[in-house]
1. For region A:1-55: of the residues being among the acidic types (Asp, Glu) and free of Cβ contacts under 8 Å to residues at least 12 places away in the same chain, which is surrounded by the fewest Cβ atoms within 10 Å (Cβ to Cβ)?
2. Would you mind stating whether B:Glu92 is more than 9 Å from every other protein chain (Cβ to nearest Cβ), more than 26 Å from A:Ile50 (Cβ to Cβ) and out of contact with any Cys (no Cβ under 9 Å at 6 or more places or on another chain)?
3. How about region B:1-112: which helices (runs of 4 or more DSSP H) wholly inside it have at least 1 residues that are buried (at least 18 other Cβ atoms within 10 Å of the Cβ) and modelled with pLDDT of 95 or more?
4. Run B:Ile80 past the list (1) over 17 Å from A:Lys82 (Cα atoms); (2) in contact (Cβ under 8 Å) with a residue 60 or more places away in the chain and report the number of the one that doesn't hold.
5. Filter region A:81-134 down to residues that are among the basic types (Lys, Arg) and away from chain B (no Cβ under 14 Å) and give me whichever is farthest from B:Glu92 (Cα to Cα).
6. Among the residues of region A:60-71, write down those that are within 7 Å of chain B (Cβ to nearest Cβ) and surrounded by fewer than 22 Cβ atoms within 10 Å (Cβ to Cβ).
7. Residue by residue through region B:53-68, note down the ones that are facing chain A (nearest Cβ under 9 Å) and hydroxyl-bearing (Ser, Thr, Tyr).
8. Which residue pairs have Cβ atoms under 9 Å apart, sit 6 or more places apart or on different chains, and have a first residue in region B:124-150 that is surrounded by fewer than 13 Cβ atoms within 10 Å (Cβ to Cβ) and a second that is modelled with pLDDT of 90 or more?
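The values are calculated or read from the model by the stated rules, or taken from the named source; none is laboratory data. Please read these numbers as outputs of a predicted model, since none were measured by experiment. Neighbour counts are summed over all protein chains in view; Cβ atoms, including those assigned to glycine, are modelled from backbone coordinates with ideal geometry.
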Amino acid sequence: MIIIYHCFGGTHSSVMAAAIHTGKLSMVKRPSLEEIIELPHFDKVNSSMIGTPIYYGEDEWRNKIYIQGMGNASQIVKKTLKSFLELEGIDEEAVYLVNTFKYVTIPVRIGGYLSRQLGMVFPGRIIAAIGLRRVYSNFIEEVKKVKQEISIASKV
Amino acid sequence: MRIIIHSRKIATLSYLAVELFKEQIRENELHEWLNYLINKTDVKVDYLSGELIYTGKDSTGNELFLLERKRYKRIVCKAITGFKQIFHSKEEILFFDLSPYENNIYFRLKRVFSYLGLKNFYKIVEKKGLLLIYPELSTNISHFKRKINP
C-alpha cells in the first residue's frame, strides 16, 4: 500500500506525520526541537516542489510512505489521482491519503511563511518546529488511526 | 503515449485542440467544424476539475485526454508526473497547455456574455476567438506532434 501524507507545502506537518509513521520519531515521547529540525525534508522542500510526491520511507508492513504538498489544489489533485488509478487499472484502495493540514497551527503557518516564502530560515524553522511540537499528540493520534486502518485493510 | 491537453476550464477550445490532434479538420471546412464544435459543447457540462477525460486517439495512436485543472497548472502536472513514477506507469505522459490561448480577449468576452446569459453573443465571440487562435494553435499542435513522432 502507498500512504501519502499531504499538506500545503509538503514540508512541515506532512513530514512530521510521515516521520512518526516510519519510526523516525517516537510514538510515545515528544521529540526535542533538534530532532524535529533534523528530520529529512523538514522545512527544506521549496515551493517549486509543491505537487510532487516525495518518498519518505517504509513502515513495519513495508508500506511506502510519501509526503506531498498540494497547495490549494488538494481537491483537484485527489480527483486526478483517482482518475489516474482508474486509467492504470489500480485499485483505489491501494493508496491511502492523509490530510495533515488540519494540524497546522498559527505558529506553524507563521514559521513556514517566514522560512519558505520570505527566506528567513532563522527564525522561521524554529517557530514552525515549536508549533508542531506543541500539537505532537495530535500527530500521534492521527498516525495511530492510520496504522489501525491499514492493518485492518490488510487483514481484509 | 498519453497526451494530456490541460486548461483552466474545458471549453470549445479544448475540443478544437482534440480535433487538431486527430487531424480531422480540413481548412475549407473550418467554419462548419467550428459551428459544430460550438453547438456540441453548448450543452453546459460541469466537468469535475482534476478528472482525466479520455477523448480517443490521435492520428498516430496516442491517447488523448482533457484535463480541467483550474489555475493549478504546475501543481497538477507535477502530481501526475509523480504518480506516474510511484506506480511505475510505462506509458509516457506529455502535457499540452492551452492556457496561452485561453487568455484571448474573445474568450474573456465570451465568459462575460456567458455569465450574463447572452447565448447568441457568446457564440459569436467564441467563434471569432477560435478563428483568431486557430492558425497558431494548429501550427503549435503540428510542431508538438512532429516533435514526439519525428
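1. Going residue by residue through region A:1-55, those that are among the acidic types (Asp, Glu) are A:34-35, A:38, A:43.
Imposing the further condition that a residue be free of Cβ contacts under 8 Å to residues at least 12 places away in the same chain reduces the set to A:34-35, A:38.
Details: A:Glu34: 8, A:Glu35: 17, A:Glu38: 12.
Restricting to residues being among the acidic types (Asp, Glu) and free of Cβ contacts under 8 Å to residues at least 12 places away in the same chain, the top hit is A:Glu34.
2. Numbers: more than 9 Å from every other protein chain (Cβ to nearest Cβ): yes; more than 26 Å from A:Ile50 (Cβ to Cβ): no; out of contact with any Cys (no Cβ under 9 Å at 6 or more places or on another chain): yes.
Considered against the rule, which asks whether it is more than 9 Å from every other protein chain (Cβ to nearest Cβ), more than 26 Å from A:Ile50 (Cβ to Cβ) and out of contact with any Cys (no Cβ under 9 Å at 6 or more places or on another chain), B:Glu92 comes out as no.
3. Working: elements: B:12-22, B:30-40, B:73-86, B:99-102.
The helices (runs of 4 or more DSSP H) meeting that bar are B:73-86.
4. Failed condition: (1).
5. Within region A:81-134, the first condition is being among the basic types (Lys, Arg), and the residues that meet it are A:82, A:102, A:109, A:116, A:125, A:133-134.
Of the ones still in play, those that are also away from chain B (no Cβ under 14 Å) are A:102, A:109, A:116, A:125, A:133-134.
Numbers: A:Lys102: 35, A:Arg109: 37, A:Arg116: 32, A:Arg125: 38, A:Arg133: 42, A:Arg134: 44 Å.
Applying the filter and picking the extreme gives A:Arg134.
6. A:Gly71
7. Hit for region B:53-68 is B:Tyr54, nothing else.
8. As it stands, the answer is B:Glu136/B:Pro100; B:Glu136/B:Tyr101; B:Asn149/B:Met1; B:Asn149/B:Asn62, since those pairs meet every condition given.
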